[in-house]
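One structure is given below, encoded as structure tokens.
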Amino acid sequence: MPTVTMTVNGQQVSREVDPRTLLVDFLRNELHLTGTHVGCDTSQCGACVVHVDGTSQKACTMLAMQADGCEITTIEGLAKNGELHPMQAAFKEHHGLQCGFCTPGMVMSAVDLVQRNPDPNEHEVREWLEGNICRCTGYHNIVKAIQHAAKDMRG
Amino acid sequence: MPDTGAQRVLRKEDNRFLTGRGHYTDDFNRQGQAFGVFVRSEMAHARIKSIDTSQAEQAPGVVAVFTGKDMEADGVGSLPCGWTVTDKHGNPHKAPPHWPLARDRVRYVGDHVAFVVAETDAQARDAAELVEVDYEPLDAVVETGKALNGPQVHDEAPDNLCFDWEIGDKQATDDAFAKADRVSKIELVNNRLIPNAIEPRAAIGEYDPGTDEYTLYSTSQNPHLLRLILCAFVLNLPEHKVRVVAPDVGGGFGSKIYCYAEETVCVWASKKLNGRPIKWLATRTEAFQADAHGRDHITTAEMAMDKDGKFLGMRVDTLANLGAYLSNFATAVPTYLYGTLLAGQYKTPAIHGNVKAVFTNTAPVDAYRGAGRPEATYVVERLVERCARDMNMDPAEIRRRNFVQPDEFPYQTPVALTYDSGQYELALDEALKMIDYPNFAQRRQESERKGKLRGIGFSAYIEACGIAPSQVVGALGAGVGLWESAQVRFNATGSISVFTGSHSHGQGHETTFAQMVADKFGTDYNNVDIVHGDTGRIPMGMGTYGSRSLAVGGSAILRACDKVVEKGKKIAAHMLEASVDDIEFDSGTFRVAGTDKTKSIGEIAFAAYVPHDFPQDVEPGLDETAFYDPANFTYPSGVHIAEIEIDPDTGETEIADWVAVDDFGRVINPMIVEGQVHGGIAQGVGQALLENAVYDPDSGQLVTGSYQDYTMPRADDLPSFRVGMTETPCPHNPVGAKGCGEAGAIAAPAALMNAITDALGTEEIQMPATREKVWRLAQQRLAPAAE
Ligand code: FES
Ligand code: FES
């Protein structure tokens, strides 16, 4: 079996993998990082979004081998020194989550949006979230949270 | 009732969810676990001639392959329907068996045929492909409207009729129609929906041969009920040997209430394999095929009115599709949860409802967010809008004219229920103000100038939550009680553990319940820990569905708190050398009335566990349990108004504005309540505009079997909502709460469809109002009148 090596949340990891292993399964089953969720089998829901070399990717659409040599950040790697990332804090402050299942993917996706567009308007936020489904919140508070987080991230 | 205040307190549970530290079922792995995969029917209807498992058994990693025959040999029971509906001739509904693994016939695409267990999930999936099933195809029927004359789904149910049920007074209704000045009529389809909680269902079954105990980890909204059904009906196990753990659950909306085949099979198979834990994870495709679906009604409704638009009588005929088998509460949804809500917010003196429920070769249908109430509201509010149009009356005015008035409660409807309280006109007035109704005509003109069609739609809904009391629902056929239980335990150091039988899968119980208890005891809410979702920790419970958590579960918690205070008074009296009758309790302090002699509840709790100075006749400990069985349903209500703009060139319906004014009785955490409203509206909008479960009428295949074919509402399909509230406390539960979780899903479809039909000038459109349908009708509307 081939070996993959990558940096996950700042730590280098190497594992032998079955070539058909998806990145999301690698993270969940090999590294026990269960914050990245699986909600579908057609790459539509976005519950599995992580950052690969700084940009958001659906971890269910990528093989672990394709991430060989990459920097991966998962939801577990977002908070620093016990402090929530401003995006996580904004989701909490504005009640942008209910069951929490879509949340890791939403947050990772939203962080990427704000890195690209530091001041997105409501329309831009809604368009960006095209690839993430939330069944609980109706998105109202998610959109609000992202816009507030953008402000906080701009400082 | 303590002043629980209405406080926007941030959720305790959020930190773990936001950092990826939640524990959903798939996040658990048991020592030595194997993986199970179901072989599912690819046919809508077929006889199973034989199943050849030999190749699969030889495949790499395979541990075992089970079929219905193995379960039959073990005497495994059928998955039960828990509510017996008596038809209009006095006979119980037809209840054909529903085996966890099919025995001789499959009846829908996705039906369970065999279970393959292997070392890894991938190996189990590969091997499942190798199970060969020899089917003899049978004719199938998937369309609700064709069921009565269609191919027979069950031998036990001629004409595929499960029951023919009625409610209300037929004669009085006929008389009302005979003397009416005007009759309005409407025909409606309530489209079939697939719940689609984002966390797919999952289960781990684990048998311990050493202790003869079973553990089931499951994505359940209702762990105690799941245990009860498994033990009493399906697997015949002693309840004290079975533990069901439903940890963090990623949404449910009804679809995770039920006892499904998959959980049953995992538990049973673990015992067969000598205690090897077996994990099963649904794919999204399986969720589409085999989670209980929702809605699926065809209805004709008529209203008789006098010349002033006063409602005299209402007649409703409904055909309800139950799918291929009866899920746990399937029979209750189109009857007691639907027929009894047909009065809406109105004083219609005579109502008659007839419901025929049918079997088809489709996935079982059960309660989905609102369960029966959205279907009823859709009928009532579309019909009332139709009445307004036929009478040329303002839609707000016709509602106002017929509302039950605040001084008329308790109000007995002609369809069984007694409404407890409400202020319907207040909500309407508030909503009209918020939407700026007087200027709607002007906004419509502006839209017209841009070549757009603008419409406004109302929905004045009522729902019945916290189904109760147990005696009454028992008499109506329910197989279970509908109380809730709670245990409130002060620990020796003053922290508080609350064990509740209700279950949180997004509703924020850990916060709302903690707020309530903290307020009662005058303590920091971080000191209160809410425990839920584990039958091993919580003695009894009935789970969460039907917006019952706060009204029923919260009431049980408050009752248990009261018992704690009562006991605390005895201890305080002893310690303060006073008589119990002289002890007062307020915000965490026991006081001898009129003195400054006090003991804090923390001191009392400590004394209860270190009882050195303690009354002789009082047991140590400060730990009380209460069961609460409500006196009546609660009746949340409200008015939603949708304003939309249609682009006739594209058929796109844009939601220009949405106001919701809801009355949920007492609200503890407005932030959480508003979140529930948003989510509910989104699901209602999804039903009205996008979502539809479609089976191919010829092959019986589920055409909308993935997120690529079934349109889920996404962020850019929805607006931001404007939410207001009125507060008429529930008069008969100690919290004063009525329930909020389903309101949006109940109110929204009618509001939106009324707005669309208003814009299009025709009622000839059924949900979902897709772009294509809207575009066609918009083109017709704008086409120059034919010569
Ligand atoms: S799991 Fe749904 S998009 Fe990746
Ligand atoms: S919070 Fe439940 S799916 Fe988004």
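The values are calculated or read from the model by the stated rules, or taken from the named source; none is laboratory data. Quantities reported herein were computed from a predicted structural model and do not represent experimental measurements. With ideal geometry, Cβ positions are generated from the backbone for all residues, glycine too; neighbour counts draw on all protein chains shown. The area values use the complete protein model at the heavy-atom level, side chains included, leaving out ligands, DNA and RNA. Shrake-Rupley method; radii C 1.70, N 1.55, O 1.52, S 1.80 Å.
A few remarks follow.
- Residues (in contact (Cβ under 8 Å) with a residue 40 or more places away in the chain, within 15 Å of ligand 1 (Cβ to nearest atom) and within 9 Å of the chain's Cα centre (by Cα)) located in the range A:101-111: A:PRO104, A:GLY105, A:MET106, A:MET108, A:SER109
- Any hit, the range B:548-559, residues being crowded, with 24+ Cβ neighbours inside 10 Å and on the phi > 0 side of the Ramachandran plot: no
- Filter result (assigned to a loop (DSSP other than H, G, I, E, B) and either touching an Asp or Glu at 6+ places or on another chain (Cβ under 9 Å) or at pLDDT 95 or above (or both)) within the range B:9-19: B:LEU10, B:ARG11, B:LYS12, B:GLU13, B:THR19
- In summary, B:GLY536 fulfils each of the numbered conditions (1) part of a loop (DSSP other than H, G, I, E, B); (2) touching a helix residue (DSSP H, G or I) at 6+ places or on another chain (Cβ under 6 Å) with the single exception of condition (2).
- Given (1) out of contact with any helix residue (DSSP H, G or I) (no Cβ under 8 Å at 6 or more places or on another chain); (2) charged (D, E, K, R); (3) assigned to a helix (DSSP H, G or I), index of the condition B:LYS569 fails: (1)
- Helices (runs of 4 or more DSSP H) (entirely within the range B:391-508) containing at least 1 residues that are closer than 22 Å to B:LEU558 by Cβ: B:470-475
- When the range A:25-82 is filtered for residues that are of a type in the set (A, V, I, L, M) and farther than 18 Å from A:THR5 by Cβ, the ones remaining, listed by number, are A:VAL38, A:ALA47, A:VAL49, A:ILE75, A:LEU78, A:ALA79.
- The range A:42-57, subset under 24 Å from A:ALA90 (Cβ atoms) and away from ligand 2 (no atom under 16 Å from the Cβ), residue nearest to the other protein chains (Cβ to nearest Cβ): A:VAL50
- Any hit, the range B:26-43, residues being closer than 22 Å to A:GLN98 by Cβ, part of a helix (DSSP H, G or I) and within 14 Å of chain A (Cβ to nearest Cβ): yes
- B:GLY588, sole failed condition from (1) open to solvent by 90 Å² or more (accessible area, probe 1.4 Å); (2) at positive phi; (3) not hydrophobic (A, V, I, L, M, F, W, C): (1)
- Which listed residue is of a type outside the set (Phe, Trp, Tyr), away from chain A (no Cβ under 13 Å) and on the phi > 0 side of the Ramachandran plot, from B:GLY736, B:GLY724: B:GLY736
- Screening the range A:101-122 for residues that are in a helix (DSSP H, G or I) and facing another protein chain (nearest Cβ under 8 Å) and picking the one that is surrounded by the fewest Cβ atoms within 10 Å (Cβ to Cβ) gives A:GLU122.
- Residues in the range B:648-666 that are assigned to a strand (DSSP E or B) and of a type in the set (Gly, Ala, Ser): B:ALA656, B:ALA660, B:GLY665.
- Scanning the range B:529-540 for any residue that is open to solvent by 10 Å² or more (accessible area, probe 1.4 Å) and either within 16 Å of ligand 2 (Cβ to nearest atom) or free of Cβ contacts under 8 Å to residues at least 12 places away in the same chain (or both) turns up nothing.
- All conditions in (1) surrounded by fewer than 19 Cβ atoms within 10 Å (Cβ to Cβ); (2) more than 13 Å from chain A (Cβ to nearest Cβ); (3) over 29 Å from B:ILE257 (Cβ atoms); (4) not small (Gly, Ala, Ser) hold for B:PRO60, with the sole exception of (2).
- The sole residue among B:ASN361, B:ASN354, B:ASN321, B:ASN328 that is part of a strand (DSSP E or B), surrounded by 24 or more Cβ atoms within 10 Å (Cβ to Cβ) and of a type in the set (S, T, N, Q) is B:ASN321.
- Among the residues of the range B:174-212, those identified as open to solvent by 40 Å² or more (accessible area, probe 1.4 Å), of a type in the set (Val, Ile, Thr) and either closer than 23 Å to B:THR757 by Cβ or out of contact with any helix residue (DSSP H, G or I) (no Cβ under 9 Å at 6 or more places or on another chain) (or both) are B:VAL183, B:VAL189.
- Taken as a whole, the structure places B:GLY313 among residues that are more than 15 Å from the chain's Cα centre (by Cα) and either buried (at least 24 other Cβ atoms within 10 Å of the Cβ) or part of a loop (DSSP other than H, G, I, E, B) (or both).
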